[in-house]
Every structure is written in structure tokens, then in C-alpha cells.
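Asks: Sharing a structure with you now.
The values are calculated or read from the model by the stated rules, or taken from the named source; none is laboratory data. Since the structure is predicted, the reported quantities are computational estimates derived from the model, not experimental observations. Cβ sites come from the backbone with ideal geometry, for glycine too, and all protein chains shown count toward neighbours. With ligands, DNA and RNA removed, areas are computed over all heavy atoms of the protein, side chains included. Shrake-Rupley method; radii C 1.70, N 1.55, O 1.52, S 1.80 Å.
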Amino acid sequence: MAAPKPRSSSGRSTPLRDSSESEKMEATGSWDALDWTIEPVSRSVSRSVSRVQLECLLEAEQVEVEGYGVVLVNTDEAGTLIVTNFRLLFLSEGTRNVIALGTIPLATIEKFNKIVVKNQSTPRQSDKTPSRRLLQVIGKDMRIIVFGFRPKTRQRLAVFNALLKCTKPASLWDLYAFVSGPSKFNNTNPKVRLLNEYLRLLGKGSLRASMNMIEDGSFTFSNDLWRISSINSSYTMCQSYPFALIVPKSITDDEVLQASNFRARGRLPVVTWCHPKTGAVLARSSQPLVGIMMNMRSNTDEKIVAALCPQLTGTRGKRRKLYIADARPRKNALANGAMGGGSESSSNYFQSEIVFFGIDNIHAMRESFARLRDYLDTHGAASSDGMSSFLRHGGWTWGGGNLSSMSASVSTLGDSGWLIHVQSVLAGSAWIAARVALESASVLVHCSDGWDRTTQLISLANLLLDPYYRTVTGFQALIEKDWLAFGHPFADRVGMSTVTGSCSIPSELTRQSSTGSIQSSPMRQPSASFTSQPPTSHAQNNYSPIFLQWVDCVSQLLRMYPFAFEFSSAFLVDLVDCVLSCRFGNFFCNSEKERQQCGVPEACGCMWAYLADLRASKGSSHVHYNYFYDPLKHDGPILPPAAALAPTLWPQFHLRWACPSEAQAGDVEAQFRKMDIKFSELQKEKEAAERKAKEITAVMELLSADLQNEKQVSSSAMILAKRASKESEAIKRAIQSLGCNVHFSGSGDCTVNIESSQIEPPLKSSFPSKKEADGAVQRDDKSDLSVSITVMADDVVSSNPIDRVCETLCPLRMRDGGCRWPDAGCARLGSQFVGLKANYEAFDKLSIYDSYFQPK
């Protein structure tokens with residue numbers, strides 16, 4: 001195996017080493033050309049790491065150990081490796097970004113090993129060439145990663161010891177979920193949610209459960225066929241069953257308690273789903289304790305099983321058929337008889353049929369999962385040995401017409417058996433759903449303990465039968481009911497601490513096929529030899545990816561029926577990651593009872609609240625939602641034919657680490673999502689443009705209205721101006737006809753000067769004198785007539801005493817107030833000239849035609 005070389009500074013922004021060191025390494029092409037020590041490297045990145053701690057670490061996440069100059073062998077990328085109390089964090093050397101492949105939660109680590117690789121060297125250098133220090137980390141999420149450390153730094157030992165400490169806490173309460181607390185992801189009591197689901201199944205969805213209802217025991221509702229029993233409210237009958245159970249209405253609590261003694265671990269037959277129209281049910285239990293001779297019976301057990309098959313509606317006393325589905329191979333069921341278990345006899349259960357599905361146990365699933373993981377690591381694009389896999393660099397290893405390696409690759413995938421196991425679970429679930437939907441038959445499902453294969457089959461059949469479980473909310477209710485409430489042992493299967501307080505989580509879980517897996521590939525023939533330290537193993541290994549396998553089955557259904565599910569494949573991936581990471585407390589412990597005893601719902605954050613918060617950030621456009629979902633297209637049961645149940649690798653999960661680019665290349669939903677996001681952006685831009693256009697239109701309408709008003713005002717002003725002009729011209733002509741000169745000033749006043757060649761002595765007049773008129777009449781010794789005309793509005797009554805005297809003394813006014821001025825133009829035109837100042841003595845000298853004053 002060739003030593004991975006750190007990339008040159010041209011490919012990174014800011015390397016950890018200085019330029020001289022980088023040039024020295026590039027010249028030699030080997031790590032051994034540079035003798036690093038911890039101190040200078042630590043000083044070179046201490047400031048960057050402190051900055052990253054503020055940006056990247058989660059709430060209550062604390063750094064335990066930091067290693068600098070570490071190389072991620074899978075991608076040949078150098079960076080900083082940090083061990084916290086929650087995860088193994090790998091930061092890029094130049095950008096300080098988190099590298100997803102090298103970052104893994106501690107609870108997701110299944111196994112880690114220290115590996116020593118000796119370099120191939122010439123005879124002269126055989127004693128001087130140092131060996132490479134590697135750390136192999138095997139995850140439960142399909143990845144195998146290897147970190148390379150510089151010799152003489154002891155960083156690998158520090159990281160290894162930190163992993164030993166943090167991955168093997170002394171008790172459950174030392175896990176990160178308890179340290180961080182619920183934060184903003186508060187968890188409502190799961191008992192309330194379970195009871196609400198029970199009420200929905202009984203057709204009483206209008207009722208809402210509460211903690212008061214649970215505390216006072218008033219939750220024992222019922223319908224015509226089924227009832228909710230509180231016999232297990234204190235978990236004394238069955239510690240792995242929930243506090244409330246749905247049982248036939250005709251069965252008493254005493255009979256329920258008696259029947260529990262005939263089933264393994266007290267897991268008697270109970271209803272987990274009932275058809276709202278036909279009355280058919282899905283029931284679950286553990287194996288019956290028939291004994292080694294297979295001759296033990298229980299009347300109450302047989303009575304409960306018979307009560308699961310009420311009469312068919314619309315028939316006269318005809319009972320529906322009962323299928324007892326045993327998930328195990330027949331030989332395994334018979335072998336369990338030696339330990340007191342076994343299977344039912346159809347002769348003891350009325351109108352029943354026994355069916356064996358042949359699904360293997362948890363140990364077979366664990367080994368199959370390990371082989372699949374090794375296969376993907378060997379043939380992926382980011383192999384943990386740092387070498388080119390079969391498909392790297394353009395597939396040059398396929399050349400020469402040699403297809404033996406290709407055949408070996410396909411054979412290895414088949415030999416893993418994972419897809420065969422997935423198909424078995426799918427086929428069994430589809431068969432169960434078909435019996436309920438097509439025959440209106442009831443089905444009782446069990447395996448040995450009734451919490452692994454039984455849970456897979458029952459929950460998958462529920463998903464096929466009930467469209468509600470294919471929504472995001474219903475999927476949560478399904479998992480909480482059939483997986484959590486009915487006691488799937490997550491602590492054992494996921495591999496985490498239990499409530500016993502003992503060190504039950506291993507640093508390296510036993511997995512034979514993963515031991516020394518770095519050299520499992522036929523193409524991996526490195527010149528250096530690997531020396532792997534033996535792993536620490538458990539006396540009993542109950543780790544098995546049962547829940548992950550079930551989610552894989554759901555993804556296969558999502559691929560076959562893309563319009564039937566509200567959630568997407570990305571939602572399933574995030575769900576599995578949350579379960580494996582143990583960041584939240586929903587999947588802690590092995591039963592509902594243990595979680596209640598530990599106070600998990602109150603002490604830890606809720607995964608469902610976290611996922612809901614993610615979806616709320618983007619609404620319906622979030623990646624968790626399926627863009628193709630059409631609830632009307634599949635509003636009933638989904639019954640896939642056997643020929644369609646041919647599973648494939650789940651790209652978004654199986655290939656995301658080994659082949660990251662291929663994992664999303666064929667994702668039609670992702671492409672459609674991008675198009676939809678682009679369409680949404682264009683739609684928003686269109687709406688913004690339309691709003692802008694409406695605003696501009698409104699402004700234009702306002703301006704048009706203002707312009708129209710201005711036009712009206714201008715028109716009115718023009719009319720008034722023309723009217724005033726006509727009046728002025730009329731007055732001017734009238735005055736000029738008297739031989740007067742008329743002068744108009746800009747202030748609106750006009751002056752009329754009358755000139756005469758001979759000045760006669762003043763005539764007697766009945767007009768008052770100047771003093772009497774208070775200045776209204778002004779005499780001129782030069783016998784000139786000066787007339788001053790003041791322009792006033794028609795509706796203005798003058799308050800000037802001179803004007804009032806003038807109006808009183810004016811010889812041209814009639815008694816009715818009219819004016820007899822020549823042609824009576826002022827009166828006809830409604831003149832605005834209401835005041836007149838004149839030298840009335842000069843008027844006596846004027847010659848005015850009498851006809852001017854003749855009435856018309």
C-alpha cells in the first residue's frame with residue numbers, strides 16, 4: 001500500500017505546515033521525510049480550533065482530545081481530528097470545514113482498531129524506516145474510515161484512549177443526550193401519543209388523551225369489538241409491553257393475565273391494528289410455550305386468539321379465517337421447542353392456518369450487514385485503504401478483457417445476503433397485508449420473543465394497509481407504537497448503554513468479518529504488512545441492524561410507489577442517523593418501562609421535535625417532503641405483487657460514503673426538487689413584478705386623476721379669464737365712447753382720464769360736497785374728469801363708505817338697483833366693478849345721448 005501524500009498547498013487555502021516543510025514533503029513524497037512533533041503543530045492550529053469550537057460544536061459538546069496533521073486515508077485529505085463527548089470530528093486543514101466522511105457520532109461507531117503498517121524499504125533502510133500509525137473506525141452507518149497519524153507524536157494513542165472513554169460510558173446518564181438536556185426540542189409524554197393512536201384505531205379520534213386521563217386510569221375506552229385494557233399499567237404483567245393494550249372486548253383482564261403465562265416473556269396476543277370497515281385485525285405476540293413435546297396448551301390463550309376473529313359483517317354466523325404467521329424458519333421454531341418454546345398447532349386454534357416465513361435471526365442479519373459494508377468499502381470510490389478500487393481512475397483495472405474481478409464483485413454482493421433478507425421481510429409483509437385486505441382475515445404474527453422480526457412484519461404491513469402511516473405524522477405514530485411501545489430492544493440492537501449502569505457499550509463490538517477488513521479486497525495487495533490489535537469483545541453480542549433493515553424495506557416501497565408516501569428518502573436517512581447517533585432519548589433503553597424509569601422523556605431532547613423543526617424552516621419545500629406525494633392516488637392499501645419485490649441497494653444510504661457522487665446521481669426526486677425550487681424562485685419574481693406593476697398602475701391612476709383635476713381648474717380659470725376680459729373690453733368701450741382714456745394697471749385698478757377743451761363753471765348740483773361725501777367726489781380745477789374703477793367680486797359687499805356714497809349718489813342707478821349705463825352692459829354682464837370714483841362736476845359738461853338711458 002502506497003503511503004498517502006498530503007496534497008500541496010496549491011490545492012488548499014492555508015496548510016498546517018509552513019512552506020519549507022511543504023516543499024520538503026513534496027520533494028520526498030513520503031510522510032517520513034518530515035519528523036513532526038506535537039508542539040509546533042499544536043501552536044500552528046490552536047487559534048483555528050478555538051474558532052471552530054464556537055462555530056461547529058453543538059450545545060454542551062466538549063472537546064476531549066485534538067490531533068493535528070491527521071490524514072483521512074479514504075480521501076487523502078489532511079486536517080485536524082477532534083474527539084468530543086458526542087462525536088469524532090474531522091476538520092479540513094485549509095478551509096477548517098467539517099469533513100462529513102471523517103465526522104461520526106461516537107454512538108454510531110461499532111468498532112475501532114489501532115493498525116500498524118510497515119513501509120517497504122531497501123535492505124539498508126530496513127531498520128530505519130518507521131511504521132505508519134493508523135486508526136480504523138467502523139461505523140454502524142455503512143462506513144469504514146481510516147486515519148493516519150504521524151509517528152513520534154503519540155496522537156493516535158491519545159485519540160484511541162479518548163474513544164475508549166467516551167464510547168464506553170459508565171452509565172446511561174453519561175451519554176451526550178442527558179448532558180445536553182432537552183434544549184428547545186422538548187418531548188411530550190409518549191404515553192399520550194400512544195393513547196391517541198389507540199383512540200384513532202378504535203374510531204374515537206375526536207377524543208384527545210391527556211396525562212390526567214392516564215394517571216386516573218380513565219383511558220379504558222372501547223368500541224363494539226375491542227377495548228383498551230389497563231392491566232399492564234404498572235408493567236407487572238409484561239415488562240416489555242406498553243402500559244395500555246388493545247384486546248378483544250369479550251376478554252376480561254383476568255383472562256388476559258392468565259394468557260400471558262403461556263407466551264414467552266409474557267407477550268400475549270394483542271391487537272396492533274384493526275380494519276375500520278371489515279373488523280379484521282393485525283395482532284402480535286411471542287412464541288407459545290408448548291414445550292419440547294409440543295403438546296402444552298392454554299385455554300385462555302386459545303380463547304384470546306379465537307376472539308381475534310369476529311364474525312364477518314353481512315354473513316350469518318360465519319367466522320373469518322385466522323392466519324398465524326411465524327416469522328422464523330420452521331426448523332428454528334422446532335429447535336426452540338427444546339428450550340420450552342415452539343409454535344402453535346392449527347388443530348388447537350379454530351379455523352386457523354400456520355405459515356412460516358423463514359426470516360433469519362438477528363445474528364444472521366448482523367453478519368450480512370457487515371459483509372455488505374465490506375463490499376461497499378472494497379468497491380467504492382472512497383475506499384478505506386486509500387488505494388484505487390475497481391472503479392477508480394476511469395476503471396483502468398477492468399482493462400485487458402479480464403472480467404473475473406467483475407464477477408467476483410457481483411458475487412460478493414450476492415453473498416452478503418442483505419438484499420435477500422430485505423426481500424424476505426418485504427414478501428412476508430406484503431403477504432400479511434394481502435390476507436387482511438383481500439380476505440378480511442385476521443393475522444397473528446410472532447417470532448421467538450416477538451420484538452425483532454415480528455415488529456418488522458407488523459409495522460411494514462401497517463404501512464401497506466393504512467394510508468395514514470404513510471404520512472409524516474402517521475409514520476411517527478407507527479414507530480412509536482410498534483417499535484418503541486411494544487419493546488423493541490433498541491439499547492441492545494443499536495449497542496448503547498442500558499439502565500443497569502454497567503459498561504455495556506463496547507469499544508469494539510465483535511464482528512468476525514470486519515476483523516482485518518482492510519485487507520479483504522482482492523485488489524488490496526499492499527507491499528506493507530498490516531498488524532491489527534485484537535479487538536475487545538462482548539460475551540454476548542446482541543447488536544443487530546434490525547431497525548435499519550426495516551427502514552431499508554420502507555425505502556424499497558418508496559422507490560416502487562413514489563406517489564404513496566408524504567416523506568422522502570432523505571427523511572429516512574436523517575431518521576436512521578438520529579437513531580444511531582443517540583443524540584436524542586427517544587430510542588434509549590429496551591422498553592417503555594425503562595425509559596419511564598430513567599425519566600428519558602423529560603431529561604433528553606425529542607428527535608421528532610428536532611426533525612419537525614428542520615421541516616418548519618422551509619415548509620413544504622423541505623427535503624424531508626416527497627414532491628411526488630399524491631394522497632388521492634393511493635388512498636387505500638398497497639398490495640405489491642411478488643414479482644415487484646426485487647430490492648436494490650438504497651443509494652442515499654448505502655452509497656453515500658463509498659460512492660457519494662453516485663448516491664445522488666440517479667435521484668429523480670432531487671432533480672425535480674431543484675427544478676421546483678427554481679420554479680418557485682421564478683414564481684416569486686413574477687409575483688414581485690406583478691406587485692410592482694400594480695403599484696405603478698396605481699400611481700399612474702393617481703397622477704391621471706391629478707392631471708384631470710388640474711385640467712378642470714385650468715379650464716375654469718380660462719373661462720373666468722375670458723369672462724373678465726369681455727367685461728373689461730365692454731367697460732373700456734363704454735368709457736372710451738365718452739372720450740376718456742382708460743389705463744389698466746397690473747394691480748387690477750384702472751384710471752379713466754377725461755379731457756375737455758373748455759371748462760365751464762360748475763353747475764349746481766344736488767350732490768353733497770366733498771366733505772359731505774367724505775372724499776367720494778373730488779373736484780379738479782382743470783375741469784378734467786378722473787374716474788377710478790376698482791374691481792371687486794360680485795358677492796363681496798363693500799364696506800368702504802365712499803363706495804356706499806357713490807352707489808347712493810350715482811345718477812345712473814335705478815331704484816331697483818340696476819344700472820342705466822350706456823347699453824346697460826354692466827348689468828347684463830354681471831360686472832364685478834361695483835365701485836366708481838369720479839369728478840361728477842365734469843359729468844355735467846359731457847354730452848350723453850338720451851337714448852343711452854331709454855328703457856329697452
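Asks: Any idea what the dipole of the stretch 202-275 comes to, in debye rounded to 20, about its Cα centre with Lys/Arg Cβ at +1 and Asp/Glu Cβ at -1?
Replies: Computed charge dipole of the stretch 202-275: roughly 280 debye.
Asks: Take each of the peptides 714-722, 552-560, average the number of other beta-carbon atoms within 10 Å over its residues, and list them starting from the highest.
Replies: Most protected by this proxy first, the peptides run 552-560, 714-722.
Asks: Moving on. Using alpha carbons only, how many angstrom separate the centre of the stretch 688-722 from the centre of the stretch 350-375?
Replies: Centre-to-centre distance over Cα atoms comes out at 82 Å.
Asks: Just report the Cα centroid separation between the stretch 239-271 and the stretch 580-655, whole Å.
Replies: Each part reduced to its Cα centre gives a spacing of 28 Å.
Asks: Follow-up. Hey, any idea what % of the stretch 587-689's accessible area is carbon plus sulfur with a 1.4 Å probe?
Replies: 59
Asks: Over 21 Å between Cα atoms: which of K633/K674; K184/K481; K114/K168; K184/K618 fall into that group?
Replies: K633/K674; K184/K481
Asks: Got the relative contact order for the stretch 55-106 handy, in percent, Cα pairs under 8 Å and 6 or more residues apart?
Replies: Worked out over the stretch 55-106, it gives 27 percent.
Asks: If I compute solvent accessible area with a 1.4 Å probe over the protein chains, what percent of it on the stretch 61-205 is carbon and sulfur?
Replies: That fraction is 49 percent.
Asks: Kindly write out, for the stretch 698-709 in residue order, the coupling ³J(HN,Hα) from the Karplus curve 6.51 cos²θ - 1.76 cosθ + 1.60 (θ = phi - 60°), rounded to whole Hz, with x marking Gly and Pro.
Replies: 4, 5, 4, 5, 4, 5, 5, 5, 4, 5, 5, 4
Asks: Follow-up. Please give the net charge around I82, taking every other residue with its beta carbon less than 12 angstrom from that of I82, where Lys and Arg add +1 and Asp and Glu add -1.
Replies: -1
Asks: Could you pull out every residue, at least 5 positions away or on a different chain, whose amide H is within less than 5 Å of the one on F357? Hs are placed 1.01 Å off N in the peptide plane, and Pro or chain starts have none.
Replies: D326, A327, R328
Asks: Could you order the peptides 187-196, 632-641 from most to least packed, using the average number of other C-beta atoms within 10 Å per residue?
Replies: Packing proxy ranking, top to bottom: 187-196, 632-641.
Asks: For a quick protection proxy, order the peptides 693-704, 372-383 by their average other-Cβ count within 10 Å, most packed first.
Replies: Highest mean packing first, the order is 372-383, 693-704.
Asks: In addition: Below 14 angstrom from the Cβ of S286, what's the summed charge of the other residues (Lys, Arg +1; Asp, Glu -1)?
Replies: For residues surrounding S286, the net value is +1.
Asks: If one computes the Cα centroid of the stretch 68-94 and of the stretch 149-206, what distance in Å separates the two points?
Replies: Cα centres, the stretch 68-94 to the stretch 149-206: 23 Å.
Asks: Here's something else I'd like to know. Excluding ligands, DNA and RNA, what is the solvent-accessible area per residue of the stretch 200-299 at a probe of 1.4 Å, expressed in Å²?
Replies: Heavy-atom SASA per residue in the stretch 200-299 reads 45 Å².
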